[in-house]
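J.: Can you keep this structure in mind? I'll have questions shortly.
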Amino acid sequence: MFITMPLGTLLLVNYTKQANTTDLSKLSINRVKIGSEINIYEYVEKDEVILKRYRLYSKREHPNLIFKVSKKDPQLKGIALTNDITVQTNFNGTINNNIEKVTQTLGTRYKQKKLRKGFNTIMYKDKKNQIKLFIIYKHDKIKKIEIYKK
């Protein structure tokens with residue numbers, strides 16, 4: 001009996017940790033995935049922002065699509081998108097698109113939070129791959145998308 005109680009508790013804790021997670025490993029913005037390696041020579045470095053462990057890049061044709069790359073290797077650690085309605089995602093999350101389309105694609109395992117000035121955010125977590133997706137919206141229209149990996 002003393003052995004089964006800790007085992008049952010361990011199984012319950014593990015189940016609750018996995019229950020609130022969504023697989024985000026296949027998400028892409030402009031056909032670029034988190035964790036992939038990018039050729040930094042095809043991008044313009046954003047030198048107005050200085051970070052200790054990362055560099056920020058964008059493409060000339062999409063200056064509002066920002067890529068966060070580790071200084072140690074060319075692996076992509078984060079993507080942020082604002083103000084560019086032409087950039088497509090593979091989860092129906094484009095700027096000024098309805099937030100409902102994202103939740104229909106990715107499901108209801110997200111956390112929702114109210115921000116200032118009528119803005120709201122939803123956050124999806126992928127605990128297995130350590131990826132987070134933040135979507136900021138106002139009046140059900142997407143204003144900003146961020147994906148990053150720890």
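The values are calculated or read from the model by the stated rules, or taken from the named source; none is laboratory data. These figures come from a predicted structure and were not determined experimentally. For neighbour counting, all protein chains shown are included, and Cβ atoms are generated from backbone atoms with ideal geometry for every residue, glycine included. To get the accessible areas, we keep the full protein, side chains included, count just its heavy atoms, and leave off ligands, DNA and RNA. Shrake-Rupley method; radii C 1.70, N 1.55, O 1.52, S 1.80 Å.
J.: Given points 7 Å out from each Cα along the Cα-Cβ axis, report the residue 52 to residue 21 separation in nanometres with one decimal.
T.: For residue 52 paired with residue 21, the spin-label model returns 2.7 nm.
J.: Continuing with the same structure: Taking only Cα atoms and a 10 Å spring cutoff, compute GNM fluctuations for the chain and point out the largest among 131, 38, 79.
T.: With Cα springs under 10 Å in the chain, the top fluctuation among 131, 38, 79 is at 38.
J.: For residue 82 and residue 105, FRET efficiency with R0 = 25 Å and r from the beta-carbon atoms, rounded to 0.05?
T.: Working from the Cβ atoms, E equals 0.80.
J.: With the contact rule set at Cα under 8 Å and sequence spacing of 6 or more, what percent relative contact order holds for the range 100-150?
T.: This gives 25 percent for the range 100-150.
J.: Something else: Could you run the Karplus curve 6.51 cos²θ - 1.76 cosθ + 1.60 with θ = phi - 60° over the range 111-128 and give me ³J(HN,Hα) per residue in whole Hz, x for Gly and Pro?
T.: 3J(HN,Hα) across the range 111-128, in whole Hz: 10, 10, 9, 8, 10, 6, 6, x, 7, 10, 9, 10, 10, 9, 10, 10, 5, 5.
J.: Something else: In the range 54-129, carbon and sulfur make up what percent of the accessible area (probe 1.4 Å)?
T.: The value for the range 54-129 is 44 percent carbon and sulfur by accessible area.
J.: A further question on this structure: Hey, what's the Cα Rg ratio for the range 53-104 versus the globular rule of thumb, 2.2 N^0.38 Å?
T.: It is 1.30.
J.: Moving to a separate point now. So what's the back-of-envelope 222 nm ellipticity for the chain, counting only DSSP H runs of four-plus at -39500 (n - 2.57) apiece and dividing by all residues, rounded to 500?
T.: Computed mean residue ellipticity for the chain: -5000 deg cm²/dmol.
J.: List the trypsin sites (Lys or Arg not before Pro) in the range 42-136 that DSSP assigns to loop (not H, G, I, E or B) and whose Cβ has at most 10 other Cβ atoms within 10 Å. Which are they?
T.: 52, 53, 60, 71, 72
J.: Sticking with the crude label model, points 7 Å out along Cα→Cβ, report the distance from residue 42 to residue 115 in nm, one decimal please.
T.: 2.9 nm
J.: Next up: Tell me the relative contact order for the chain as a rounded percent, counting alpha carbon contacts under 8 Å between residues six or more apart.
T.: Value for the chain: 23 percent.
J.: Continuing with this model, one more query. Leaving out ligands and nucleic acids, note down the accessible area per residue over the chain with a 1.4 angstrom probe, in whole Å².
T.: Result: 68 Å² of accessible area for each residue.
J.: So, one more: If you filter the range 46-150 for GluC sites (Glu not before Pro), then keep DSSP loop positions with at most 15 other Cβ within 10 Å, what is left?
T.: Passing both the DSSP loop test and the Cβ count: 48, 61.
J.: Let me ask another. With 30 Å as the limit, write out which pairs from 71/141; 46/132; 72/111; 52/141 have Cα-Cα distances beyond it, or answer none.
T.: 71/141; 72/111; 52/141
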